[in-house]
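Down below is the structure, laid out as structure tokens.
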Amino acid sequence: MTPPDTEPIRRSIEVEYWVVDEEGRLAVPDGLADAAPGVEREFVEPLLEIKTTPCETTDELRAELYDRVGSVLRRAAEDGKKLVPLATPISDDEIAEHTSERTRVQNRVVGDDFAYVRHCAGTHVHVEQLPERAIDQLNTFIALDPALALCNSSPYYRGRRLAAGARSKLYRRLAYADVPHQGWLWPYVEDREEWVRRLERRYEDFVHAAADAGVDRRVVQRCFEPESVVWTPVQLREEFGTVEWRSPDAALPADVVRLADRLAETTERLRDADVRIEGDAGHVGEGDVVLPNFDVVLGYVDAAIEDGLDSTAVESYLERMGFDVDAYDPVTHQLEDDDSLAREDARAIRLEHADRLAADVRERVAVSGD
């Protein structure tokens with residue numbers, strides 16, 4: 001329980017959804033960005049991002065996210081379109097990009113591997129930094145990264161099974177193979193100064209890679225800064241005053257709010273908890289938070305990506321770290337029977353999950369109205 005003399009921990013969500021037409025074909029979300037505050041086009045044509053403002057309570061966050069998603073769904077229905085809460089479009093459709101200088105630079109630097117990123121839809125959770133405990137908070141979120149398994153929502157890339165968490169594998173193992181530190185999970189840090197040094201090194205790495213690809217340094221400096229040039233899954237965001245967790249897949253609002261709630265509750269514990277890094281087990285308790293050694297965390301992350309909640313080790317670890325694993329039913333494990341999918345099957349799956357999203361929002365609105 002939060003002491004009366006402390007401020008609530010604010011949290012916010014950014015979630016991406018694919019836009020499809022009534023046949024399940026990927027579609028351009030013309031007009032949908034005007035349906036509610038915080039709705040934006042993404043860098044690829046059929047993807048839409050819906051953001052909340054920083055909220056002090058889970059109830060406030062849930063209400064705002066459902067309200068904004070509901071507004072977009074109503075506008076989409078008027079236009080014969082739907083939103084799909086899956087991490088990849090699962091089929092082999094070509095994904096067109098918006099033309100921008102920033103995207104052009106990334107294409108030059110990352111090369112052909114940037115195609116992997118075009119097939120990814122995810123969720124970002126921002127939790128307000130705790131004064132004087134932000135590094136403990138950052139390290140704790142790094143240790144919680146295997147929780148991506150709770151919302152794995154697609155095992156497919158271009159119609160073929162890739163991993164339980166296909167999006168995470170695309171980002172971390174494939175897209176940034178030539179600039180690996182940009183997308184990997186980074187180790188624990190000692191202090192803010194170390195974090196800043198890492199950002200500066202990664203920025204220089206990117207600038208040099210851009211120069212090797214024929215991109216002028218001034219163009220990179222115009223499009224990027226040290227904080228915006230990395231895609232590591234857990235970040236200390238000075239721009240927003242948050243610790244950001246970028247690992248979860250696109251998912252239903254109920255699941256992403258539940259994740260944000262857990263991260264905020266864990267952050268509350270850090271106000272008075274003893275945080276230490278040791279051993280292989282890890283746990284989040286009332287008075288202490290024990291983070292496993294980083295190489296152990298990486299093992300759990302790999303299992304979360306490859307096997308998801310089919311890994312008993314991941315499931316046990318997340319329970320020790322305070323997650324109610326039984327509250328989640330990751331979509332990816334409902335889609336794993338076939339090693340490959342025809343395009344028609346992919347479209348049918350998109351429509352099924354678009355209907356699930358619409359039903360989830362309708363149910364929540366009905367309950368709120370009672």
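The values are calculated or read from the model by the stated rules, or taken from the named source; none is laboratory data. Because the structure is predicted, anything quoted here is derived from the model rather than measured. Cβ: placed from backbone, ideal geometry, glycine included. Neighbour counts: every protein chain shown. Heads up: the accessible areas ignore ligands, DNA and RNA and are worked out on the full protein's heavy atoms, side chains in. Shrake-Rupley method; radii C 1.70, N 1.55, O 1.52, S 1.80 Å.
Can you name the residue in the stretch 37-68 that is in a helix (DSSP H, G or I) and open to solvent by less than 20 Å² (accessible area, probe 1.4 Å) and is also farthest from Ala358 (Cα to Cα) among such residues? Once the filter is applied, the top-ranked residue is Leu61. Among residues of the stretch 149-164 that are in contact (Cβ under 8 Å) with a residue 12 or more places away in the chain, those with a Cβ under 9 angstrom from a residue that is in a strand (DSSP E or B) and open to solvent by 10 Å² or more (accessible area, probe 1.4 Å), sequence gap 6+ or separate chain, pair up as Pro155/Arg161; Tyr156/Ser340; Gly159/Ser340; Arg160/Ser340; Arg161/Ser340; Ala163/Tyr157.
Hey, can you tell me all the residues within the stretch 99-134 that are outside any helix (DSSP H, G or I), of a type in the set (Val, Ile, Thr) and under 20 Å from the mean Cα position of the chain (by Cα)? Selection gives Thr123, Val125, Val127. Of all residues in the stretch 1-32, those that are at pLDDT below 95, touching a strand residue (DSSP E or B) at 6+ places or on another chain (Cβ under 6 Å) and surrounded by fewer than 22 Cβ atoms within 10 Å (Cβ to Cβ) total 0.
Within the stretch 69-83, being assigned to a loop (DSSP other than H, G, I, E, B) and either in contact with a Phe, Trp or Tyr (Cβ under 9 Å, 6 or more places away or on another chain) or open to solvent by 60 Å² or more (accessible area, probe 1.4 Å) (or both) holds for one residue alone: Asp79. Any residue in the stretch 293-301 that is assigned to a helix (DSSP H, G or I), under 24 Å from Pro155 (Cα atoms), open to solvent by 10 Å² or more (accessible area, probe 1.4 Å) and not hydrophobic (A, V, I, L, M, F, W, C)? Checked against the condition, which is being assigned to a helix (DSSP H, G or I), under 24 Å from Pro155 (Cα atoms), open to solvent by 10 Å² or more (accessible area, probe 1.4 Å) and not hydrophobic (A, V, I, L, M, F, W, C), the stretch 293-301 yields at least one hit.
Close Cβ contacts (under 6 Å, 6 or more residues apart or on different chains) running from residues in the stretch 249-273 that are over 30 Å from Arg350 (Cα atoms) to residues that are in a helix (DSSP H, G or I) and modelled with pLDDT of 95 or more comprise Thr267/Gln137; Leu270/Asp136; Leu270/Gln137. Exactly one residue out of Ala303, Ala358 is of a type in the set (A, V, I, L, M), within 22 Å of the chain's Cα centre (by Cα) and farther than 12 Å from Pro146 by Cα, and it is Ala358. When we screen Val361, Val314 for residues that are β-branched (Val, Ile, Thr), within 19 Å of Asp280 (Cβ to Cβ), touching a helix residue (DSSP H, G or I) at 6+ places or on another chain (Cβ under 6 Å) and open to solvent by less than 30 Å² (accessible area, probe 1.4 Å), the only hit is Val314. Each residue in the stretch 127-168 was checked for being over 30 Å from Thr58 (Cβ atoms) and open to solvent by 10 Å² or more (accessible area, probe 1.4 Å), and 5 pass. Selection of first residues in the stretch 102-131 that are more than 18 Å from Val19 (Cβ to Cβ) and of second residues that are polar (S, T, N, Q) and open to solvent by 30 Å² or more (accessible area, probe 1.4 Å), restricted to Cβ pairs under 7 Å at least 6 apart or on distinct chains, gives the following pairs, ordered by first then second residue: Phe114/Asn107. Summed over the stretch 240-274, residues that are open to solvent by less than 10 Å² (accessible area, probe 1.4 Å) and in a helix (DSSP H, G or I) total 9.
Condition check for Leu199 on (1) without any contact (Cβ under 8 Å) to a residue 60 or more places away in the chain; (2) part of a helix (DSSP H, G or I); (3) surrounded by fewer than 15 Cβ atoms within 10 Å (Cβ to Cβ): one failure, at (3). Of the residues making up the stretch 204-234, just one is assigned to a helix (DSSP H, G or I), open to solvent by less than 20 Å² (accessible area, probe 1.4 Å) and free of Cβ contacts under 8 Å to residues at least 60 places away in the same chain, namely Val207. Output the residue which, of all residues in the stretch 163-182 that are in a loop (DSSP other than H, G, I, E, B) and under 18 Å from the mean Cα position of the chain (by Cα), is nearest to Pro248 (Cα to Cα). Across the stretch 163-182, the extreme among qualifying residues is Ala164.
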